[in-house]
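Below is one structure, written out as structure tokens; comments come after it.
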Amino acid sequence: MKTVICPGSFDPVTNGHLDIIQRASGLFDRVIVLLAANQEKKNYFTPEERREMICKVTRDLPNVEVDVFSGLLVDYVREQGACAIIKGLRAVSDFEYEFQMALTNHKLYPHCETIFFTPSPRNMYLSSSIVRQVGGLGGDISGFVPACILDEIREKLRKK
Ligand code: PNS
């Protein structure tokens, strides 16, 4: 059974994330969407809010699980017997950071491959921070996040 991990901050999960998760779920037996800690970021949504939103948007994908982990990603990969980390690579601006993480993870745990998915063209520009910025200023984010979590994201951003 081929297990892969889709890690991220998901603050909040976007249509771009969901596209990558859906495509991974079509290629692998088991996909774990992992809410992991990014030390460089201060998150806006709580881990529980982010986990619940990911669960909602992936509920129709039977081979997708959601988990939360605060340690080193490669330790989780090893524990799960996963063969790869899946990440979306949107643009050249993502490359340096993602390349560094992939090489570090491979050095720490050589059995761990990182597979980069190109985003669908419609999601090339999309990021969680764009959702937070546009939504926080009252803009229309309905094209950026799945419909089933739109209201809760709007409400939370409005309260900011
Ligand atoms: O969505 P993000 O913020 O780009 O995801 C980054 C994330 C969470 C995947 C990365 O920070 C991570 O792997 N965190 C877990 C801790 C870890 O293993 N850090 C070393 C990575 S080289």
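The values are calculated or read from the model by the stated rules, or taken from the named source; none is laboratory data. Being a predicted model, the structure only gives us computed values, none of them experimental. Quick reminder, even Gly has a Cβ in these numbers, built from the backbone with ideal geometry, and neighbours come from all protein chains shown. Note: accessible area is taken over every heavy atom of the protein model, side chains too, but ligands, DNA and RNA are not part of it. Shrake-Rupley method; radii C 1.70, N 1.55, O 1.52, S 1.80 Å.
Determine which member of the set Val33, Val13, Val77 is within 13 Å of the ligand (Cβ to nearest atom), over 20 Å from Ser128 (Cβ atoms) and open to solvent by less than 40 Å² (accessible area, probe 1.4 Å).
Numbers: Val33 fails: over 20 Å from Ser128 (Cβ atoms); Val13 fails: over 20 Å from Ser128 (Cβ atoms).
Selected residue: Val77, the only one of Val33, Val13, Val77 that is within 13 Å of the ligand (Cβ to nearest atom), over 20 Å from Ser128 (Cβ atoms) and open to solvent by less than 40 Å² (accessible area, probe 1.4 Å).
Of the residues Ser120, Ser127, which is hydroxyl-bearing (Ser, Thr, Tyr), surrounded by 14 or more Cβ atoms within 10 Å (Cβ to Cβ) and within 11 Å of the ligand (Cβ to nearest atom)?
Result: Ser127 is the single residue among Ser120, Ser127 that is hydroxyl-bearing (Ser, Thr, Tyr), surrounded by 14 or more Cβ atoms within 10 Å (Cβ to Cβ) and within 11 Å of the ligand (Cβ to nearest atom).
Need the failing condition index for Ile21 against (1) away from the ligand (no atom under 12 Å from the Cβ); (2) within 26 Å of Asp151 (Cβ to Cβ); (3) in a helix (DSSP H, G or I); (4) open to solvent by 20 Å² or more (accessible area, probe 1.4 Å), just the number.
Going through (1) away from the ligand (no atom under 12 Å from the Cβ); (2) within 26 Å of Asp151 (Cβ to Cβ); (3) in a helix (DSSP H, G or I); (4) open to solvent by 20 Å² or more (accessible area, probe 1.4 Å) one by one, Ile21 breaks only (4).
Among (1) open to solvent by less than 20 Å² (accessible area, probe 1.4 Å); (2) under 18 Å from Leu126 (Cα atoms); (3) within 11 Å of the ligand (Cβ to nearest atom); (4) assigned to a helix (DSSP H, G or I), where does Asp94 come up short?
The one condition Asp94 does not meet is (1).
Name the residues in the range 101-128 that are under 20 Å from Ala36 (Cβ atoms), out of contact with any Phe, Trp or Tyr (no Cβ under 9 Å at 6 or more places or on another chain) and part of a helix (DSSP H, G or I), would you?
Met101, Leu103, Thr104, Asn105, His106, Lys107, Leu108 - these are the residues of the range 101-128 that are under 20 Å from Ala36 (Cβ atoms), out of contact with any Phe, Trp or Tyr (no Cβ under 9 Å at 6 or more places or on another chain) and part of a helix (DSSP H, G or I).
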